[in-house]
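Before any comments, here is the structure.
The values are calculated or read from the model by the stated rules, or taken from the named source; none is laboratory data. Since this is a predicted model, take the numbers as computed values, not measurements. Cβ: placed from backbone, ideal geometry, glycine included. Neighbour counts: every protein chain shown.
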Amino acid sequence: MVKRLNPAPPEPIVVDGAFKVPGLRNVELTAPYFHNGGQLDLPAIIEFYNHGGDSHEGLKTLDGVFIEPMPFINFSTEERQALEAFLLSLTDERVRFQRAPFDHPQLFVPNGPGASRSIAPGDQLTEIPAVGAQGGQPQKKFLES
């Protein structure tokens, strides 16, 4: 059953292809970025927006509305560095070091190709060691060994 808005809005409601925009808190620790993991680090994100994104002329949404390309920002090197420093400043040190209230018990999670959502005897498991209220080692960034 499809519910209809009554009365109908004057403009079409377009959500096809829409994505929820995540917050920026702890953004340093949430790579890779974008819905498809297309950018690996914050400098890559800044450069993506600096050069106007991956815009393509003439693209349309499913309802036929043209998508307008993003404008070029043309940040200077200093502005890029300042923006990156601002984004890094949004990381909560309690999260980085897994201190209370972000500590956790020892966990075992399935790991490997085709890992199931449940644990069965013989599964390859990865241990996430317990971290107490005082915290532990800083969380590693994406692709950091």
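Can you tell which of 75, 34, 48 is among the aromatic types (Phe, Trp, Tyr), farther than 19 Å from residue 142 by Cβ, modelled with pLDDT of 70 or more and not assigned by TED's automatic domain parsing to the domain that holds residue 142?
Working: 34 fails: farther than 19 Å from residue 142 by Cβ; 48 fails: farther than 19 Å from residue 142 by Cβ.
That would be 75, the only listed residue that is among the aromatic types (Phe, Trp, Tyr), farther than 19 Å from residue 142 by Cβ, modelled with pLDDT of 70 or more and not assigned by TED's automatic domain parsing to the domain that holds residue 142.
Taking only segment 124-140 into account, find how many residues are part of a loop (DSSP other than H, G, I, E, B) and more than 23 Å from the chain's Cα centre (by Cα).
First, pick out the residues of segment 124-140 that are part of a loop (DSSP other than H, G, I, E, B): 124, 129-130, 132-140.
Still in the running and more than 23 Å from the chain's Cα centre (by Cα): 124, 129-130, 132-136.
Within segment 124-140, residues that are part of a loop (DSSP other than H, G, I, E, B) and more than 23 Å from the chain's Cα centre (by Cα) number 8.
Going through 87, 107 one at a time, which residue ends up being touching a helix residue (DSSP H, G or I) at 6+ places or on another chain (Cβ under 9 Å) and modelled with pLDDT of 85 or more?
Details: 107 fails: touching a helix residue (DSSP H, G or I) at 6+ places or on another chain (Cβ under 9 Å).
Checking each option against the conditions leaves just 87.
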